[in-house]
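A quick write-up on the structure given underneath.
The values are calculated or read from the model by the stated rules, or taken from the named source; none is laboratory data. For clarity, every value in this text was computed on a predicted model and none was experimentally measured. FYI the Cβ positions are ideal-geometry reconstructions off the backbone, even for glycines, and counts take in every protein chain you see. Side chains are part of the model used for accessible areas, which takes the heavy atoms of the whole protein and leaves out ligands, DNA and RNA. Shrake-Rupley method; radii C 1.70, N 1.55, O 1.52, S 1.80 Å.
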Amino acid sequence: MTKRQQQREQILDLVKDNRPNTIPQHLLISGKEGAGKSYLIEEFDSKLTACGHRIVKFLYPHCYIVTADNIINKVEASSDQSTIILIDDFDKMLQFLPHDEQFRLRAFLFKKNAPMLIATSTGLYEGFSDYRAPFYDAFRIFHLPSLEKEDYADILPMEVYDWVKGNEDFLSMAAKFGNNTNYIRSLAMAMHHGQNTDEAIQTIVNENSRYFRLLFDNLSGVLQRALFGLAHSGEVAQSAEVQHQSGLSAANTASALFRLEKQGVITRIGEKKRNVSYSIKDYILRRWLIQ
């Protein structure tokens with residue numbers, strides 16, 4: 001059993017252990033964009049429904065219009081502990097929910113016989129660690145572990161998994177995607193339907209082009225040039241190569257790379273000040289930049 005499978009079973013066991021006349025232990029699943037959080041929420045929906053739980057769910061992007069009353073009224077104050085609330089991208093929802101609404105929601109959830117909340121978050125939202133925030137220390141947190149090859153069986157249709165599990169082209173390319181479940185699923189489906197590796201990669205680039213455009217357009221001009229220069233310098237490049245490709249000064253290149261690293265767009269390879277290299281974290285983003 002993989003780490004992700006063990007974690008999933010542990011969460012289901014905590015739901016089973018939830019006792020009447022108690023305040024439930026709410027659960028937060030944290031992971032990077034594309035790590036499979038939404039897929040996991042959908043899986044919990046079907047499994048918990050089959051076990052007789054009443055499921056109330058709020059899924060992003062519609063959650064930006066959600067208020068505390070929306071959730072409370074949908075759950076109903078008289079509901080028993082068989083009710084489970086599933087909220088995907090809870091961190092994004094909180095960004096649109098005023099503090100007074102957040103405090104009302106917390107008060108509703110932290111009383112005896114309240115429904116259990118299972119939520120997901122991209123990383124750890126600052127409101128979960130700030131002691132002044134409404135949802136400070138509100139969850140037992142699970143960090144979604146990296147995807148292993150054995151986990152592919154859980155995220156792919158069986159006939160697709162049976163086809164790709166021994167395909168070396170698929171496995172070598174999937175390894176470049178890190179922990180991005182969405183990319184791996186798209187790659188498997190495209191290759192299973194007859195596309196070669198390059199065609200499948202282009203399919204994934206096209207699927208994510210709108211998101212990449214928004215990401216790129218939200219960067220300053222200097223950061224755009226540095227990121228573009230890094231993409232065209234190879235999968236791994238030193239600052240001097242990025243400077244050459246981008247046309248920026250040495251000082252602006254160093255500053256831009258530092259800021260891109262802080263934003264989580266690129267990663268630094270090596271700890272020394274000299275001969276340090278950089279790479280774009282998202283393989284598909286780099287392919288989009290160089291097309």
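Could you give the accessible area per residue of the chain, probe 1.4 Å, as a whole number in Å²? Mind showing how you got there, number by number?
Details: 15320 Å² over 291 residues.
Here the residues of the chain average 53 Å² of exposed surface.
Any idea what the alpha-carbon Rg over 2.2 N^0.38 Å comes to for the stretch 1-70?
Details: Rg = 13.7 Å, N = 70, 2.2 N^0.38 = 11.1 Å.
Compared with the compact-globule rule of thumb, the stretch 1-70 sits at 1.24.
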For the chain, longest principal axis from Cα atoms; helix 197-217 axis from its Cα atoms; angle between them, nearest 10 degrees, is 80
Rotationally averaged projected area of the stretch 65-147 (alpha carbon convex hull; nm²): 5.9
How large is the helix-only mean residue ellipticity at 222 nm for the chain, computed as the sum of -39500 (n - 2.57) over DSSP H runs with n ≥ 4, divided by its residue count, in deg cm²/dmol to the nearest 500? -15000 deg cm²/dmol
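Sorting HIS244, HIS143 by accessible area (1.4 Å probe), largest first, what list results? Please list the in-between numbers first.
Details: HIS244 150, HIS143 110 Å².
Greatest to least solvent exposure: HIS244, HIS143.
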Residue farthest toward the positive end of the dipole of the stretch 132-274, with Cβ of Lys/Arg at +1 and Asp/Glu at -1: which of HIS192, PRO145, PHE258? PHE258
In nm, to one decimal, how far is the GLN95 label point from the THR22 one, both placed 7 Å along Cα→Cβ? 3.5
Give me the percent of the accessible area of the chain that comes from carbon and sulfur atoms, probe 1.4 Å, all protein chains in place. 48
Could you give the spread of the C-alpha atoms of the chain along their three principal axes, from largest to smallest, in whole angstroms? 65, 47, 33
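Under 8 Å for C-alpha pairs, at least 6 residues apart: give me the relative contact order for the chain, rounded to a whole percent. Each step should come with its number before you reach the end.
Numbers: 404 pairs, mean separation 49.1, N = 291.
Once divided by the residue count of the chain, the mean separation gives 17 percent.
Determine one quarter of the surface area of the Cα convex hull of the stretch 207-254, which equals its mean projected area, and express it in nm² to one decimal. Write out the running numbers ahead of the final one.
Numbers: hull surface 13.9 nm².
One quarter of the hull surface, i.e. the mean projection, equals 3.5 nm².
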Restraint check, LYS57/LYS112; LYS37/LYS112; LYS57/LYS281; LYS16/LYS57; LYS16/LYS149; LYS3/LYS32, Cα-Cα greater than 26 Å: LYS37/LYS112; LYS57/LYS281; LYS16/LYS149
Nearest 10 degrees, 0 to 90: helix 221-231 Cα axis against the chain principal axis: 80
Please work out the FRET efficiency for the pair ILE72 and TYR211, using the Cβ-Cβ distance as r and a Förster radius of 45 Å; give the result to the nearest 0.05. 0.85
At what distance in nm do the modelled label points of SER255 and ARG54 sit from each other, each positioned 7 Å from its Cα along Cα→Cβ? 5.8
Beyond 16 Å, what share of the Cα-Cα pairs of the stretch 86-206 remains, rounded to the nearest whole percent? 68
GLU33/GLN195 FRET efficiency (R0 25 Å; Cβ-Cβ; nearest 0.05): 0.55
Sorted largest first, extent of the stretch 156-263 alpha carbons per principal axis (Å): 53, 25, 22
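Quick one: length gained pulling GLU42 to GLN224 fully straight, 0.36 nm per residue minus the C-alpha distance? Intermediate results must be reported in sequence, preceding the final value.
Numbers: separation 182, 0.36 × 182 = 65.52 nm, distance 3.60 nm.
Net length gain for the segment: 61.9 nm.
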When the Karplus curve 6.51 cos²θ - 1.76 cosθ + 1.60 is applied with θ = phi - 60°, which whole-Hz ³J(HN,Hα) does each residue of the stretch 39-44 get, with x for Gly and Pro? 4, 5, 4, 5, 5, 4
